[in-house]
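Undergrad: Structure incoming, see below.
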Amino acid sequence: MAAAPAPADVVLEVFPQPPPPPPQEPAVPLRGLAVARVVQYLYLASLWVACAGVAASAVARRASGVDSPLTWTFIKVSIGSLAFPALVILVSGLRLLRATCAAGFRPSLRTSAKGIQIARKVFGALTWKVVLPVVLVLLVTFLFFLLMGAGVMVFEGLLPVEKSQKKRVGYALFDTGVLGVMAMFGFVIIPSCVFMLWKSK
């Protein structure tokens, strides 16, 4: 009998598959980031309007007197502009409290160590060129706050000022302090925050 022929070798050719497409980022986080950025800008704008209102009320009080309707109009504008920042702080505080309650009040050792490492990186990156302007701004603002306190002390009779000059000196010191503090916030601190927020895009 003749031998049966050997079966032919089967060759399987495998074609390389194309790499999977990169996952598309969902649009929800981008939309949430945009909303958060708008809220931050509105927060700073509201604070700027509040500072401008306080400064304008001080100028109107010096020009027209304490009982001037213009003075109280600027004060009302300043108080009204603080409604949005107060709402943002309230909502942020409630969300932070909710997240804290959900995560537990006792952070783990790993979380604490991670926070310490992040703090070291942040403060280690600060140089004297960065810290010095901030310290100067805070120092000047604090000096203007001291002028406001000195004006209040004059009104209360805690500083040796003649009784006939008490009102004029007290208002002069207090208004100078108010204008200085509002100028520092309106022209230095808030614009710096806006610039850093815009630069962080």
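The values are calculated or read from the model by the stated rules, or taken from the named source; none is laboratory data. As the structure is a prediction and not an experimental result, all values here were calculated from the model. Here the Cβ is made from the backbone with ideal geometry for all residues, glycine too, and neighbour counts use every protein chain on show.
Undergrad: From Val77, Val35, grab the single residue that is at pLDDT 60 or above, surrounded by 13 or more Cβ atoms within 10 Å (Cβ to Cβ) and not assigned by TED's automatic domain parsing to the domain that holds Val178.
TA: Val77 is the lone residue from the list that is at pLDDT 60 or above, surrounded by 13 or more Cβ atoms within 10 Å (Cβ to Cβ) and not assigned by TED's automatic domain parsing to the domain that holds Val178.
Undergrad: Shifting gears a bit: Could we say that Arg110 is at pLDDT below 60 and among the basic types (Lys, Arg) here?
TA: Here the answer is yes, as Arg110 does meet what is asked.
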